[in-house]
Amino acid sequence: MILPKEQITRYMRHIIMPEISGAGQKKLLESKGIVVADSVEEILSLLYYLAASGIGHLHVILKKKEDFSELKAGLLDLNPDLELEFYSDIPNFKNMEKIEFAVFADGFEESEHLKGVPKIFNLIRPWAGCLMTARDTESNKLAFSQKMKGPYENSTGLVFSRFFAGTISAIEAIKICLNLGKVLENPLYYNLLDMEFKSIKDFEAVGEIAMEDPLKGKDLSTLKVLIIGSGGLGSPAAFSLALAGVKNIGLVDSDIVEMSNLNRQILHSTSRIGMPKVESAEMFLKKINSGIDIEKYHIRFSNKNALEIIKDYDIIIDGVDNLPTRYLLNDACVLAGKPLAEAAVLRFEGIAMTILPGEGPCYRCVFPKMPQAGAVPSCSEAGVLGPVPGVMGTLEAAEAIKIFGGCGRLLSGRFLIFDSLELNFMTPVLSKNEKCPACGENPSIKDLSGNYDFICENT
């Protein structure tokens, strides 16, 4: 047996994918990485997803002196397999050939101690930034344009850029360790305000990306967000919203925390296995934002309670793990006129769209009828790379904030497709289907009395 039984259970969603398998997960557990940042705030999502995915050894260099004991305890509770050390400067490791990757949270710093180590580096600004992975370690190939290094302030947009960059960097680190897929040898430019993603060959093509945050000074205390599901998608959505300062979040989930959740569901931990997910999530989120108010619904979201649950919330986020509930949620939001941030994941891919009832297409405009049971595999059957839900849940949360703030270009009328192996984003245009059974000219769905009984296995 390559791995002990407990690790097989913990990493099962990785192991069942032939691209990773037990041998690949064992390699991740033996891998060593370095993370360099000014402060903890820059790298929270990165550290949580590296830990959850099973990277065995992390050396974290923080230039700002701060108490990281609570963070360390949280990461080790998420994954006791992790060996974690914090430093104030890049140490002189004796065996650098055993370090698989180094991640720089903002910019790049050449070090004699890191020669020969593949590097993932970021330039992070409010709502936007660039990422690049360099197997070649020559510093002159790792320099951002000076035009891109303007001043910036902490803001809501910076929270989402950091969280997004952390999830992508975690994916890149895993791919380096496993020699999997295609890494970002050309920089990826992203703008979460407009949901624009493009590969660039020349940093000069981007120019100045230090933008003024349109949500600067916006009071998020009145925003009420409901997240259906507190697992793979709900975890990053709730985490990033809490960091951004959202005070009112509702969580709907009937499940309890299980060992097999922990390679991707970063709100939960080993010590809370067996606890209802909504309670585990509340414990985590109150440590992030002590003033947050979590309304917990430890019940199954159904056609009998859907409209009652969503009625008091401004925006709904889809974090469900099965198709029937996804269709139910779409229909409920269309009937109630509630904006819905939608996403789904499987294996190395994710999809997302934003549904604005009465304005743009809904989920049934794209997928009118629910597939037969077994037609679409679940994550428990096909697997999922741990940080992929992190990317998609972060995008959902960003869309929710933009809806509330009335800013940016939403994914309404667009369908985002994410391929983590190629690190590629596509956003084809969608049109309303006038014959849509939910939002068309003559909708056949006028209430929630239909059949929503087919349930997939948990993801």
Would the stretch 48-57 turn up any residue that is more than 20 Å from the chain's Cα centre (by Cα) and at pLDDT 95 or above?
-> yes
In the stretch 303-333, how many residues are in a helix (DSSP H, G or I), in contact with a Pro (Cβ under 9 Å, 6 or more places away or on another chain), surrounded by fewer than 24 Cβ atoms within 10 Å (Cβ to Cβ) and modelled with pLDDT of 95 or more?
-> 0
For the stretch 3-97, which fully contained strands (runs of 3 or more DSSP E) count at least 2 residues that are closer than 20 Å to His268 by Cβ and touching a Gly at 6+ places or on another chain (Cβ under 7 Å)?
-> none
Which condition does Gly350 not pass, out of (1) part of a strand (DSSP E or B); (2) farther than 28 Å from His268 by Cα; (3) in contact with a helix residue (DSSP H, G or I) (Cβ under 7 Å, 6 or more places away or on another chain), if it passes all the others?
-> (2)
Can you tell me which residues in the stretch 352-366 are over 24 Å from Asn424 (Cα atoms) and in contact with a Lys or Arg (Cβ under 6 Å, 6 or more places away or on another chain)?
-> Cys365
Ile292 meets each of (1) surrounded by fewer than 19 Cβ atoms within 10 Å (Cβ to Cβ); (2) of a type outside the set (Asp, Glu); (3) in contact (Cβ under 8 Å) with a residue 40 or more places away in the chain; (4) more than 23 Å from Gly74 (Cβ to Cβ) with one exception, condition (4)
Looking only at the stretch 205-225, count how many residues are touching a helix residue (DSSP H, G or I) at 6+ places or on another chain (Cβ under 6 Å) and modelled with pLDDT of 95 or more.
-> 2
Answer from Ile15, Ile2 - the residue that is over 20 Å from the mean Cα position of the chain (by Cα), surrounded by fewer than 17 Cβ atoms within 10 Å (Cβ to Cβ) and on the phi < 0 side of the Ramachandran plot = Ile2
Which listed residue is buried (at least 24 other Cβ atoms within 10 Å of the Cβ) and either touching a Ser or Thr at 6+ places or on another chain (Cβ under 8 Å) or not small (Gly, Ala, Ser) (or both), from Arg300, Arg264 = Arg264
Given the conditions (1) farther than 21 Å from Ile174 by Cβ; (2) without any contact (Cβ under 8 Å) to a residue 60 or more places away in the chain, every one holds for Glu41 apart from (2)
Checked the stretch 27-68 for anything of a type in the set (Asp, Glu) and surrounded by fewer than 20 Cβ atoms within 10 Å (Cβ to Cβ); matches are Glu30, Asp38, Glu41, Glu66, Asp67
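The values are calculated or read from the model by the stated rules, or taken from the named source; none is laboratory data. This is a predicted model, so every value here is computed, not measured. Cβ sites come from the backbone with ideal geometry, for glycine too, and all protein chains shown count toward neighbours.
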